[in-house]
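Only the coordinates and a few stated rules stand behind these numbers; no lab work does. Just so you know, these numbers come straight off a predicted model, no measurement behind them.
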Amino acid sequence: MNYEDIKRHFEAFPPPLEVEWKPWAKITDTQLFLKSCYIGIRNFNGPVERCPAWWHLKDFYLHIKRTMPSQGSPEKETAPEQ
C-alpha cells in the first residue's frame, strides 16, 4: 500500500477527530495530522521508505484499521429470527 492509497482510504472513511494513538501521543485533530503527513511525504527528497512522515502515516493507518470497526462494509443490525 502506498501513500496515495492510504490518502484515498482516509478521504472515503475519515477517522474520528481525536485519536489516542499511543500512550504518549494523542492526536486532537486527525485531519491536520494527515495533512501534515501528506505534505511531509510530498516534500521529502529521497526514497519514501526513509521518510518519517510516511512511517507516521503508515503506523496511524494500521492503528485505525485495528481499532475501528469494519469500514469497508456497513454493519447491518438484524433482529434474531424466532
inquiry  = Can you tell me the length gained on complete extension of the stretch residue 22 to residue 45, counting 0.36 nm per residue apart and subtracting the Cα distance?
reply    = 5.5 nm
ask   = Counting alpha carbon pairs within less than 8 Å and at least 6 residues apart, what relative contact order, in whole percent, applies to segment 1-53?
value = 23 percent
message = Straight-line reach from residue 35: which lysines fall under 17 Å, measuring Cα to Cα and dropping same-chain residues less than 8 apart?
response = 7, 26, 58
